[in-house]
1. Scan the stretch 79-93 and give yes if some residue there is at pLDDT 90 or above, of a type in the set (D, E, K, R) and out of contact with any strand residue (DSSP E or B) (no Cβ under 9 Å at 6 or more places or on another chain), otherwise no.
2. Taking only the stretch 110-124 into account, find how many residues are of a type outside the set (Lys, Arg), assigned to a helix (DSSP H, G or I) and under 23 Å from Ala161 (Cβ atoms).
3. Look at the stretch 125-145 and say how many of its residues are within 14 Å of the chain's Cα centre (by Cα), farther than 14 Å from Ala160 by Cβ and assigned to a helix (DSSP H, G or I).
4. Consider the stretch 42-64. How many of its residues are surrounded by 13 or more Cβ atoms within 10 Å (Cβ to Cβ) and either among the polar types (S, T, N, Q) or part of a helix (DSSP H, G or I) (or both)?
5. Kindly indicate which of Ala100, Ala68, Ala105 is among the aliphatic types (A, V, I, L, M), over 20 Å from the mean Cα position of the chain (by Cα) and at pLDDT 80 or above.
6. Would you point out which residue out of Tyr155, Tyr123 is open to solvent by less than 60 Å² (accessible area, probe 1.4 Å), modelled with pLDDT under 95 and touching a Phe, Trp or Tyr at 6+ places or on another chain (Cβ under 9 Å)?
7. Under 9 Å by Cβ, and 6 or more places apart or on different chains, what pairs join a residue from the stretch 76-96 that is in a loop (DSSP other than H, G, I, E, B) with one that is modelled with pLDDT under 85 and open to solvent by 80 Å² or more (accessible area, probe 1.4 Å)?
8. Going by what's in this entry, would Gly112 be described as at pLDDT 95 or above, open to solvent by 20 Å² or more (accessible area, probe 1.4 Å) and not aliphatic (A, V, I, L, M)?
Amino acid sequence: IAEDKVDLVLGPSIDSVTRAASIATEKLKYPMLSTGISSSDIWKRNHKYVFGVYSTAETYFHGVIDLALKSNLRKVAIVNEDARQKGMQIVFQEKYPVRATDVTAMLNRAKGSAPDILLGGSYEPDALLITRQLKELDVSVKLLAFSVGAASPEYQAGAAALADYVVGPSMWEAD
């Protein structure tokens, strides 16, 4: 900061690295714009010089859930590492392994629960795998959403037309 005489620090996109960098920017009273972190932990530290633009992971699906409720969709299949219930009937929930290459058995179990919505807490490779295998298995849900994966250009390119009508969180909402 002092050597390069910068006016603003653009923060790292990884939570743990951002937490470490924030110690320096706070000490030096230098603004840091964090553009990629999703953890809410850093905001609990009451830093005065760290600013963010993304919503926190805890709120990723709030807009999707609101959309589902407005569309009278109530039965949810969740395939991710963790989930929160918000007045909806969770009819299926299962974790899948890191770096999964086949989730057909899990998706068949989800299909058996007849969900209206499938929410995936998934980065791009998993979101693409799930999207493709849903099509292969002829699993049809009224709403398919991923926490992060669907927003990447690689997902869009890899899923092609299968990406149509797949949704995810918006990072630009006021609350």
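The values are calculated or read from the model by the stated rules, or taken from the named source; none is laboratory data. On a predicted model such as this, the values are computed, not experimentally measured, just so you know. Cβ sites come from the backbone with ideal geometry, for glycine too, and all protein chains shown count toward neighbours. Accessible surface areas use protein heavy atoms only, side chains included; no ligands, DNA or RNA. Shrake-Rupley method; radii C 1.70, N 1.55, O 1.52, S 1.80 Å.
1. no
2. Total satisfying the criteria: 2.
3. 2
4. Number satisfying all stated conditions: 9.
5. Going through Ala100, Ala68, Ala105 in turn, the sole match is Ala105.
6. Testing whether each residue is open to solvent by less than 60 Å² (accessible area, probe 1.4 Å), modelled with pLDDT under 95 and touching a Phe, Trp or Tyr at 6+ places or on another chain (Cβ under 9 Å) leaves just Tyr155.
7. Pairs that qualify, where the first residue is in a loop (DSSP other than H, G, I, E, B) and the partner is modelled with pLDDT under 85 and open to solvent by 80 Å² or more (accessible area, probe 1.4 Å), are Arg84/Glu58; Lys95/Glu81; Lys95/Asp82; Tyr96/Glu81.
8. yes
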